[in-house]
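Asks: Structure incoming, see below.
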Amino acid sequence: GLQGRTALITGSTSGIGAAIAEKMAAAGANVVLNGFGDAGEIEGQRSALERDHAIRAIYINKDLSSGSECRALVAEAAAQLAPPDILVNNAGIQHVAAIDEFPPEKWDAIIAINLTSAFHTIAAALPAMKDAGWGRIINIASAQGLVGSPFKSAYNAAKHGIIGMTKSVALEVARTKITVNAICPGYVRTPLVEGQVADQAKAHDMSEEEVIEKVILDAQPNKEFVEPGQLGDFAVFLCTEAGSSFTGAALPMDGGWTAR
Ligand code: NAD
């Protein structure tokens with residue numbers, strides 16, 4: 001179990017991050033939530049984690065497009081709970097457009113939230129991990145960090161970038177008991193993707209099943225979504241002793257997408 005550990009998961013008020021927080025809590029870790037959303041719903045999520053898993057959970061509201069807020073997130077987690085010994089960089093956004101029409105401010109936001117935020121949180125969290133002699137850094141990249149897709153230049157750049165940073169930092173700390181890995185999911189069933197399925201069904205005059213098969217999961221050979229809870233279980237595994245030899249790795253969890 002992860003009893004006594006403190007896991008900070010960025011962007012954990014929704015989707016994959018929320019599932020990772022749930023699995024970390026179920027494994028016994030105390031949890032720091034972060035992300036946007038309705039204050040009442042976030043408090044419901046936080047209190048349910050404490051009630052269901054007999055751990056401590058706190059929520060810290062920071063906008064990770066700002067480097068100073070990223071560093072403040074780690075500092076406030078340490079002050080209010082404990083220095084994170086598990087850091088999951090998960091917060092992310094997407095924008096889909098041709099590069100010659102890509103709004104520069106969307107490029108900047110994607111690079112800031114999906115890539116640069118992890119630079120700041122890692123820089124802020126690593127000293128305490130080194131002092132403790134143990135740590136786990138898990139970056140949620142994407143299959144889009146290993147291969148490209150048209151109209152996703154910023155997202156592809158950020159996700160390839162975070163895999164590069166993962167390798168570099170893993171080598172920097174290789175002689176410590178700190179591991180640094182990237183998980184590269186294919187399509188995951190999150191509220192974001194569920195919304196896309198409904199929209200595409202209307203746009204293409206297809207059933208939702210057809211959209212999933214022909215549009216969304218065209219890239220994913222097993223034709224199945226990755227479930228958020230599977231990502232949570234895998235993140236917990238990387239935090240166990242059995243996971244300690246994984247470091248500097250970009251680990252696909254994509255139903256065969258990047259095998260082609
Ligand atoms: P989501 O939209 O459900 O959740 C994103 C989370 O990030 C939310 O909690 C949101 O509030 C938070 N967030 C966004 N901008 C933020 C900011 N500026 N500061 C702080 N928090 C912010 O998305 P998701 O599908 O769960 O995606 C989570 C991660 O997984 C992202 O990095 C995404 O790129 C990656 N990913 C998703 C899929 C997929 O198919 N859904 C596939 C591969 C990788």
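Any read-out appearing in this document is the output of simple, stated calculations on the displayed coordinates, not a laboratory observation. Note that the structure is a prediction, hence the values are computed from the model and not measured. Here the Cβ is made from the backbone with ideal geometry for all residues, glycine too, and neighbour counts use every protein chain on show.
Asks: In a Gaussian network model over the chain where Cα atoms closer than 10 Å are linked, find which of 131, 233, 63 has the largest mean-square fluctuation.
Replies: The residue with the greatest mean-square fluctuation here is 131.
Asks: In what sequence, highest mean first, do 118-129, 74-85, 102-113 appear when ranked by Cβ atoms within 10 angstrom?
Replies: By packing density, highest mean first, the sequence is 118-129, 74-85, 102-113.
Asks: List the aspartates and glutamates whose Cα lies under 20 Å from the Cα of residue 106, skipping any in the same chain that are fewer than 8 positions away.
Replies: Candidates past the 8-residue exclusion: 63, 69.
Asks: For the chain, what does the relative contact order come out to in percent, with C-alpha contacts under 8 Å and a separation of six or more?
Replies: 20
Asks: With θ set to phi - 60°, apply the Karplus curve 6.51 cos²θ - 1.76 cosθ + 1.60 along region 55-62 and write out the HN-Hα couplings as whole Hz, x wherever there is a Gly or Pro.
Replies: Once rounded to whole Hz, the list reads 10, 9, 10, 10, 10, 10, 8, 9.
Asks: Pop out the ³J(HN,Hα) list for region 133-150 in order, Karplus 6.51 cos²θ - 1.76 cosθ + 1.60 with θ = phi - 60°, rounded to Hz; leave Gly and Pro as x.
Replies: Going residue by residue, I get x, 7, x, 9, 10, 10, 9, 8, 8, 4, 3, 5, x, 10, 9, x, 9, x Hz, with x marking Gly and Pro.
Asks: Calculate the length of the line joining the C-alpha centroid of region 156-173 to that of region 193-210, in whole Å.
Replies: About 34 Å separates the Cα centre of region 156-173 from the one of region 193-210.
Asks: Counting other beta carbons within 10 Å of each Cβ, put 175, 56 in order, fewest first.
Replies: Working: 175 7, 56 17.
If I rank by nearby Cβ atoms, fewest first, I get 175, 56.
Asks: Now for a different question. Do the sum for the chain: with -39,500 (n - 2.57) for every DSSP H run of n ≥ 4, divided by all residues, what is the mean residue ellipticity at 222 nm, to the nearest 500 deg cm²/dmol?
Replies: For the chain, the value works out to -14500 deg cm²/dmol.
Asks: In the chain, if the dipole is taken from +1 on Lys/Arg beta carbons and -1 on Asp/Glu beta carbons about the Cα centre, which of 193, 97, 161 is farthest to the positive end?
Replies: The Cα lying farthest towards the positive end belongs to 161.
Asks: Between residue 94 and residue 237, how many nm apart are label points set 7 Å from Cα along the C-beta direction?
Replies: With each label placed 7 Å out from Cα toward Cβ, I get 2.4 nm.
Asks: Here's another thing I want to ask about it. Could you tell me which of rounded, prolate or oblate describes region 29-81, using a ≥ b ≥ c as the square roots of the eigenvalues of the alpha-carbon gyration tensor, with rounded for a/c under 1.5 and, failing that, prolate when a/b is larger than b/c and oblate otherwise?
Replies: oblate
Asks: Treating only the Cβ of Lys, Arg, Asp and Glu as charged (+1, +1, -1, -1), what charge dipole size does the chain show about its Cα centre? Round to the nearest 20 debye.
Replies: Dipole of the chain, to the nearest 20 debye: 1040 debye.
Asks: Putting +1 on Lys and Arg Cβ atoms and -1 on Asp and Glu Cβ atoms, find which of 60, 242, 206 reaches farthest to the positive end of the dipole of the chain.
Replies: The residue sitting most towards the positive pole is 242.
Asks: Give the calculated FRET efficiency between residue 230 and residue 80 to the nearest 0.05, with a Förster radius of 25 Å applied to their Cβ-Cβ distance.
Replies: Efficiency for this residue pair is about 0.25.
Asks: Got a sec? Which residues in region 47-79 would a label at residue 109 touch, if it sits 7 Å along Cα→Cβ and we count backbone N under 13 Å?
Replies: Once the point is set 7 Å along Cα→Cβ of residue 109, 64-66 turn out to lie under 13 Å by backbone N, inside region 47-79.
Asks: Let me ask something else about it. Obtain the nm distance between the two label points defined at residue 210 and residue 174 by a simple spin-label model: each point lies 7 Å from its Cα along the Cα-to-C-beta direction.
Replies: So the two model labels end up 5.3 nm from each other.
Asks: Run the dipole for region 1-118 about the Cα centre, Lys and Arg Cβ at +1, Asp and Glu Cβ at -1, nothing else charged, and hand back the magnitude in debye, nearest 20.
Replies: Details: 8 positive and 14 negative charges, 104 e Å.
Rounded to the nearest 20 debye, it is 500 debye.
Asks: Please list 134-144, 245-255, 179-189, 207-217 highest first by mean number of surrounding beta-carbon atoms within 10 Å per residue.
Replies: So the order, starting with the most tightly packed, is 134-144, 179-189, 245-255, 207-217.
Asks: Out of residues 5 or more away from residue 135 or on other chains, whose amide H comes under 5 Å of its own, with H placed 1.01 Å from N in the peptide plane?
Replies: Those lying under 5 Å, H to H, from residue 135 are 178, 179.
Asks: Additional query: Scan around residue 251 for amide H atoms under 5 Å from its own, H built in the peptide plane at 1.01 Å from N, and keep only partners 5 or more places away or cross-chain.
Replies: 182, 183, 184
Asks: Quick one: grab the alpha carbon gyration tensor of region 140-194, order the square roots of its eigenvalues as a ≥ b ≥ c, and give me rounded if a/c is under 1.5, else prolate or oblate depending on whether a/b is larger than b/c.
Replies: oblate
Asks: Straight-line reach from residue 223: which aspartates and glutamates have a Cα under 13 Å away, not including same-chain ones fewer than 8 places off?
Replies: Once the sequence-local aspartates and glutamates are set aside, what remains near residue 223 is 209, 210, 213, 254.
Asks: Further, regarding this structure: Which whole-angstrom value gives the distance between the alpha carbon centres of region 211-257 and region 78-144?
Replies: Centre-to-centre distance over Cα atoms comes out at 18 Å.
Asks: Let me ask something else about it. Give me a comma-separated list of calculated 3J(HN,Hα) values for region 88-98, in order, Karplus coefficients 6.51, -1.76, 1.60 applied at θ = phi - 60°, integers in Hz, x for any Gly or Pro.
Replies: 10, 8, 10, 3, x, 9, 9, 8, 10, 6, 4
Asks: Now a separate question. Among 149, 117, 12, determine the one that fluctuates most according to a GNM of the chain built with springs between C-alpha atoms less than 10 Å apart.
Replies: In this elastic network of the chain, the residue with the biggest mean-square fluctuation among 149, 117, 12 is 149.
Asks: How much length would be gained if the chain were fully extended between residue 223 and residue 203, taking 0.36 nm per residue of separation minus their Cα-Cα distance, in nm to one decimal?
Replies: Taking 0.36 nm per residue and subtracting the Cα distance, the gain is 5.1 nm.
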